[in-house]
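Step one of this worksheet: look at the structure below.
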Amino acid sequence: MQITIDSKSGFCFGVINAIRISEDELGKNKIACLGDIVHNSREVERLKKRGLQIITHNDLSEWSGKKVLIRAHGEPPTTYQTAKQLDVEIIDATCPIVLKLQERIKKSYYEMNDLNGQVVIYGKEGHAEVVALMGQTKGTAVLVTGVKDIDKIDFSKPVRLYSQTTKDPVKYAEIGELILTRMQTVNGINADFKQFNTICGQMAGRAPLLTAFAKEHKVIIFVGGDKSSNAVALFSVCKAANGSSYFVSDAAQLQREWFDGIDDVGISGATSTPTWLMEEVGEAIKKMNKD
Ligand code: SF4
C-alpha cells in the first residue's frame with residue numbers, strides 16, 4: 001500500500017502563529033484561550049494536556065489579572081473592552097490577514113454611514129471570524145450566508161462586499177455578480193458597488209493544488225475537524241476531483257472497505273489539521289491493510 005501525505009496541506013501560518021504564541025506562554029504562565037485555538041479537537045486536546053485552558057466569554061471575569069489568548073479568528077471590539085474592564089491581559093494572536101480585513105471593514109463601515117450604504121459580509125453565521133467582522137460595524141453589516149440571503153440587501157443603496165477569509169472564491173464571485181446585477185436593475189450604471197478580494201491566499205491557493213493531488217491518487221482520505229469551515233470547503237474540492245474521497249476527523253473513523261483492492265491512498269487535510277494527525281491516520285491505514 002502506497003500512502004502519500006499531501007505536502008501542501010496542514011496548518012496555515014495564522015494557526016501556526018497562534019499555537020506558537022500559546023506554546024511560548026505555556027509553562028511560564030497560566031493561560032487560557034477564548035474558544036478552541038484551532039478547529040481540530042485532537043490538536044486542542046494536545047495543548048490542553050500541556051496546560052492550555054479553553055474558556056468562553058462568560059468565564060472572562062474569572063481571569064482578572066491573568067492572560068487570555070485571542071485565537072487566529074480574532075474577536076470583536078466588545079471583547080477587548082470587556083477584557084480591559086475586567087483587567088484581563090490579552091495576548092493577541094489574531095491572524096495578520098484577519099486583522100487587516102477587520103480594519104478594512106471598519107473603514108467601509110464609516111464610509112457607508114456617510115453614504116447611507118451597507119457593508120455586506122459573505123460568511124458563515126456564528127463563525128468566530130464572522131462575529132469579529134460583524135463587530136467592526138457594531139453589528140450593522142448585512143450577513144449573507146449564500147444566495148438565499150441576498151434579498152436582505154437594499155439594492156437601491158451603496159454596497160461594500162467582503163468575504164470571510166476561508167470561503168469558496170467561486171461562490172463569492174457568483175454572489176458579487178448577483179448583487180451587482182440586482183443593483184443595476186434599480187440604479188443602472190450608477191450602482192455604487194465595490195467587492196473586495198478578501199479570501200485568504202493560503203486558502204484560495206490550496207484548491208487548485210488539492211484538485212491535482214486528489215486526481216493523482218485512487219482514494220483520498222481528507223482529515224479535518226467537523227467544526228472547520230476550511231475543512232468542509234476543501235473536502236468539497238477533493239470530492240469534486242475524486243469521487244473516492246472520504247472525510248474523517250481521526251483514524252477511528254476509517255472504514256476498511258474504502259481500501260478494498262486499493263494500493264494507493266493520498267492523505268490531505270485542512271489549514272487546521274496538524275501534520276502529526278495525518279501521519280497517525282496513514283499509520284492506521286497501513287495497519288488496517290496488514291491485519
Ligand atoms: S486561513 Fe488565512 S486568514 Fe485564516 S488564519 Fe489561516 S492564514 Fe490567517
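The values are calculated or read from the model by the stated rules, or taken from the named source; none is laboratory data. Model, not experiment: these values are computed from the prediction. Here the Cβ is made from the backbone with ideal geometry for all residues, glycine too, and neighbour counts use every protein chain on show.
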Exercise for review: Among residues belonging to the stretch 70-93 that are surrounded by 21 or more Cβ atoms within 10 Å (Cβ to Cβ) and within 22 Å of Thr165 (Cβ to Cβ), point out the one that is nearest to the ligand (Cβ to nearest atom).
Suggested key: Ala72
Study note, to complete from the structure: The residue that is nearest to the ligand (Cβ to nearest atom), considering only those in the stretch 10-20 that are touching a residue at least 24 places away in the same chain (Cβ under 8 Å) and either surrounded by fewer than 18 Cβ atoms within 10 Å (Cβ to Cβ) or not in a loop (DSSP other than H, G, I, E, B) (or both), is Gly14
Practice item. Return yes or no: is Val44 of a type outside the set (D, E, K, R), assigned to a helix (DSSP H, G or I) and either under 19 Å from the mean Cα position of the chain (by Cα) or within 16 Å of the ligand (Cβ to nearest atom) (or both)? Key: yes
Review point. Can Glu23 be described as in a helix (DSSP H, G or I), charged (D, E, K, R) and either within 13 Å of the ligand (Cβ to nearest atom) or in contact (Cβ under 8 Å) with a residue 40 or more places away in the chain (or both)?
Key: no
Exercise for review: May I ask you to say which residue of Met112, Met134 is over 24 Å from the mean Cα position of the chain (by Cα) and of a type in the set (A, V, I, L, M, F, W, C)?
Suggested key: Met112
Point to revise | Tally of residues being outside any loop (DSSP other than H, G, I, E, B) and touching a residue at least 60 places away in the same chain (Cβ under 8 Å) across the stretch 137-174 | key: 1
Exercise for review: Please work out which one of (1) of a type outside the set (Gly, Ala, Ser); (2) under 13 Å from the mean Cα position of the chain (by Cα); (3) surrounded by fewer than 19 Cβ atoms within 10 Å (Cβ to Cβ) is the condition Gln255 fails and give its number.
Suggested key: (2)
Point to revise | Failed condition for Ser7, given (1) more than 19 Å from the chain's Cα centre (by Cα); (2) not in a loop (DSSP other than H, G, I, E, B) | key: (2)
Point to revise | Residue count for the stretch 208-259, restricted to those that are more than 16 Å from Ala270 (Cα to Cα) and of a type in the set (S, T, N, Q) | key: 4
Review point. Going by the conditions given, is Ile189 more than 30 Å from Ser9 (Cα to Cα), surrounded by fewer than 19 Cβ atoms within 10 Å (Cβ to Cβ) and not small (Gly, Ala, Ser)?
Key: yes
Exercise for review: Please report, ordered by residue number, the strands (runs of 3 or more DSSP E) entirely within the stretch 207-290 with at least 1 residues that are out of contact with any Gly (no Cβ under 7 Å at 6 or more places or on another chain), more than 23 Å from His39 (Cα to Cα) and charged (D, E, K, R).
Suggested key: 264-269
Review point. Looking at Glu103, Glu23, Glu43, which one is on the phi < 0 side of the Ramachandran plot and crowded, with 17+ Cβ neighbours inside 10 Å?
Key: Glu43
Exercise for review: Among what's in the stretch 199-215 and is surrounded by 15 or more Cβ atoms within 10 Å (Cβ to Cβ) and within 12 Å of the ligand (Cβ to nearest atom), pick the residue that is modelled with the highest pLDDT.
Suggested key: Ile199
Exercise for review: Return only the number of the condition from (1) in contact (Cβ under 8 Å) with a residue 60 or more places away in the chain; (2) in a strand (DSSP E or B) that Ile54 does not satisfy.
Suggested key: (1)
Exercise for review: Assess whether Pro96 counts as being surrounded by fewer than 15 Cβ atoms within 10 Å (Cβ to Cβ) and either within 17 Å of the chain's Cα centre (by Cα) or in the same structural domain as Ala233 (by TED's automatic domain parsing) (or both).
Suggested key: yes
